[in-house]
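The values are calculated or read from the model by the stated rules, or taken from the named source; none is laboratory data. Keep in mind it's a predicted model, so treat the numbers as computed, not measured. When we count neighbours, we look across all protein chains shown, and the Cβ atoms used for this are built from the backbone with ideal geometry, even at glycine.
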Amino acid sequence: MLTYTTLDGHEITYTEPDADSPLGQQLARIRAAVADPNATLNDVTTLVYGPDNPLMRQGVIPGWGYVDATIAADPLYKVMRDLLEQKRFQAGGHDLKATHDAYTMTVTEAAAQLGISDVAVRKAIKEERLGAVKKGSHYRLRPSDVEAYTVRRRGPAPKPKAHTPVAQPLIGEPLSFYVGNVEQLGARMLHDGQRVAEQGDRGQVVGWTRLAWRFYNKQRQQQLFIEIVPALPSEPTDTISNGPFYLSGRFRVVRRESNPRQAQAAWKAFPRPDKVAAK
């Protein structure tokens, strides 16, 4: 077993694939492309999420891999995802230290603000429900992430009051996401009439009841539209992943359109802030 340290300081324990195996050869290509200054971000994206990566599931979007819940939990996938993140920082000229400096809150401070224990905060970090960087042996969190985080409470749901005339919609658990643009690829997201920032935005969606996901590949003229609703706590988590972009958490897919024209029409019909405000 080997240990890999991510850009955020987290340690991943994984098994190195045999160098002569298809997976081992693909991992070597990814590492070489990350180290090669002439290799582009799109080159590394294709190596990680393209059809030649044996780790990915194929078939959802022609020519691109799909990450389900099993793959998302695979340590080797997490290593590949962080290698892609390294290339993203190189390509964008980002300052890693400046990015990490925004994570100022300790676990104890986050726990106090959320009204939960330190152990619960660390568990949320481990499950990637709450973002954090690791500095030495200590985690640091971004105050805005803690403020947006919704605590999962245990125990039976409160009994509805007798005079309640209409059942309330199910509120979804927090979802982790990454949307944005990488050369010819892009991903967008809308939920409950709210537009999520579209330029390399990552974080959490909280308090949602309905969400639309759109992925497109301009070069191949491909589009994918997926609409989801909250799943029950007893249902498994899931992940939508297209190229480097992803949406992960507990949800149920209620509509999927892969025909470009139908996908575009479904995206345009999904409620937007201006349409919601006009009602």
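Would you pick out the residues in the stretch 137-150 that are in a helix (DSSP H, G or I) and not polar (S, T, N, Q)? If the condition is that a residue be in a helix (DSSP H, G or I) and not polar (S, T, N, Q), then Pro143, Asp145, Val146, Glu147, Ala148 are the ones that fit. Residues of the stretch 207-225 that are closer than 10 Å to Ser258 by Cα and over 18 Å from the mean Cα position of the chain (by Cα): Gln222, Gln223. Residue count for the stretch 204-226 under the criterion of being at pLDDT 85 or above and within 30 Å of Val44 (Cβ to Cβ): the result is 10.
For the stretch 1-53, a residue qualifies if it is exposed (fewer than 12 other Cβ atoms within 10 Å of the Cβ) and in contact with a helix residue (DSSP H, G or I) (Cβ under 6 Å, 6 or more places away or on another chain), and exactly one does: Asp18.
Residue pairs whose Cβ atoms lie under 8 Å apart, sitting 6 or more positions apart in sequence or on different chains, and linking a residue in the stretch 72-90 that is in contact (Cβ under 8 Å) with a residue 12 or more places away in the chain and farther than 14 Å from Val182 by Cβ to a partner that is in a helix (DSSP H, G or I) and among the polar types (S, T, N, Q), do not occur here.
All of Lys134, Lys123 fail the test of being part of a helix (DSSP H, G or I) and of a type outside the set (A, V, I, L, M), apart from Lys123.
Taken over the stretch 39-66, the criterion of being modelled with pLDDT under 75 and hydrophobic (A, V, I, L, M, F, W, C) is satisfied by Val60, Ile61, Trp64. Taking the stretch 184-199 as the range and being at pLDDT below 75 and surrounded by 15 or more Cβ atoms within 10 Å (Cβ to Cβ) as the test, the residues that pass are Asp192, Gly193, Gln194, Val196.
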